[in-house]
1. What length, rounded to one decimal in nm, is gained on full extension from residue 336 through to residue 411, with 0.36 nm per residue of separation minus their alpha-carbon distance?
2. Efficiency by 1/(1 + (r/R0)^6): what FRET value for residue 521 and residue 282, r their Cβ-Cβ distance, R0 = 45 Å, to the nearest 0.05?
3. Could you sort 277, 141 by accessible area so the largest value comes first, with the probe set to 1.4 Å?
4. What distance in nm separates the two pseudo spin-label positions at residue 117 and residue 150, each 7 Å out from Cα along the beta-carbon direction?
5. Provide the gained length on full extension for the span residue 422 to residue 505, in nm with one decimal, where the gain is 0.36 nm per separating residue minus the Cα-Cα distance.
6. Would you tell me the accessible area of residue 38, worked out with a 1.4 angstrom probe on the heavy atoms of the protein chains, in Å² to the nearest 10?
7. Wrap a convex hull around the Cα atoms of segment 296-366, take a quarter of its surface area, and give that in square nanometres.
8. Of 91, 135, which has the most accessible area with a 1.4 Å probe, and how do the rest follow in descending order?
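The values are calculated or read from the model by the stated rules, or taken from the named source; none is laboratory data. All values derive from a computational prediction rather than experimental measurement. Glycine also receives a Cβ, built like all others from the backbone with ideal geometry; neighbour counts cover every protein chain displayed. With ligands, DNA and RNA removed, areas are computed over all heavy atoms of the protein, side chains included. Shrake-Rupley method; radii C 1.70, N 1.55, O 1.52, S 1.80 Å.
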Amino acid sequence: MQSASAQDAEEWRRCRQQQRRLVGCTLDWQLTGRVGPVAAAALHHSHAATLQQRAILESHAWQRPVLGGSPLSPEEAGSILCAQWDSSGELLVAGNEEGLLTVHRGAALAGAGWAPTPVPPAQQVVGTADPLLLLDTHMPKLQAVRWNPADENVVGAVSAATRQLLLYDLQHTQGQPRQALVTPQQSASSGLAGSTAVGLTDLAFFNGGAAAAGGGGGGYAVLASGNGGQVFLWDTRVRSAPSATLAAQQGSGALHAVQLAPCGQVVLAGSQSGEVKLWDLRGGSTSTLRFGGTVHHHPLLASVNLRYALTAVPGLASQTPIPASGVHSMQLDPSNPCRLAFHLGCGWSGVLHLHSGAVTHLHAPSHALFAEEAPGGLGDEGAATASVAQMLLWASTAAPALHRQAAWTPDGRRYCVPSRRDDTLLLLDFADSPEAGCYALQDEAEHEQKWPARPAGRGASQDELSGGALGRRGSGQEGWQAAPPAVSVQLSQAAVCCAAHPGGDLLVAGSMNSCLSVVGLA
């Protein structure tokens, strides 16, 4: 009993000491505007730990009229595969598996489920959202919906089941798209040998419309990646056929994600083979004269194999086999476009620095399936092979057709990833700092001086994710504990996609049951 009392007293003393440091750090920031990097990481973690699900909402009332189609029954509801806020945070657009596009008021979502006393997710009753607009695109398996930054009355949508990119003007639509852009038949179906999959997977708008990339070969307005391993670029002022085609090397497979650099001159795409492809639109183009105009072709600028890049993470290859996994989602850091966050089909997430080609941050969650011992009689090579096989088996049983769509928080500090393992949303600490919880390039000698060794790139334990402690075991600079790699937000349903409000502290996750989970401050 005396030992237990002494431990309780020591724990109470440690918590009080941590609280005093927190108060002192806050006062120092208020008075001087400065705060230590480790203390800043701990403060950001403590803030993120206060986020929780505030409401779970069906995306719309089932008997409500649908533009361009008929009301769906609850049995026809599919997963919400994609969602995005507009630049002001006033509207959220979401697309589901059945091809239904919904537009929601940001204020209505922010006020949903607000209560003086927080209600645990398990006790929350499913409500019904009241969207501004319901529109049937007649394109099943919507993979991406995006606002046009040059005109945010316009929304673009692509589907894995069709070769069309549809542009809707939400102010004037009566269920019909303003423009339908189509990829060539042979290009959409020729990239994957032995596969009948066609369609588009992601899209991006040029920030200034058709004039944004005037120096890149024709004034492109929008681009989309496809299952055929190509990126198509359109100048919507000319025609519906692509003005340019960006092709990856043969064998790269489908391109599941695409991004456009803020300058509007560099295109990035993530492939099924686990590579990040880059094209520079400023030069090196060749043109072919065709009926209706000139078609430009830009050669591949660079390609980064993420599996090879992960082998350079200190200590990672000695701890776990590195799988060859496709890129399911990727986004440029809003505060530093040199950093590209990615999420792989195996459940790993990280940050690729585009200048150095190095993976600087990594979250590689461990799973019980991975931890199973290899059958007896296998050597190290056999054990590694068995572990890789177990990882691929786990990925194949975790709804691989539903690619998890992650999102950055607007400050570029947290990367929000729907978990494949349970009904949670992971807020990964991908801050552009060596003190970030997921930083993977910590010098070993410096690492031992600051805090006890932790396996590089290892996912957070359940205690680290859910506990109230500010950081890992051990202390860092100024007596602060280093922040853990992630915060886990419990949800009522498994999430597929996530969208972060541009104003911060509000997240919306789309679930497999056509519901929206609203996550905010407790």
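1. Going from the current span to full extension adds 26.0 nm.
2. Numbers: r = 43 Å, r/R0 = 0.96.
Calculated transfer efficiency: 0.55.
3. Descending order: 141, 277.
4. Here the answer is 5.4 nm between the modelled labels.
5. Extra length available between residue 422 and residue 505 comes to 27.6 nm.
6. Approximately 0 Å² for this residue.
7. That works out to 5.8 nm², a quarter of the Cα hull's surface.
8. 91, 135
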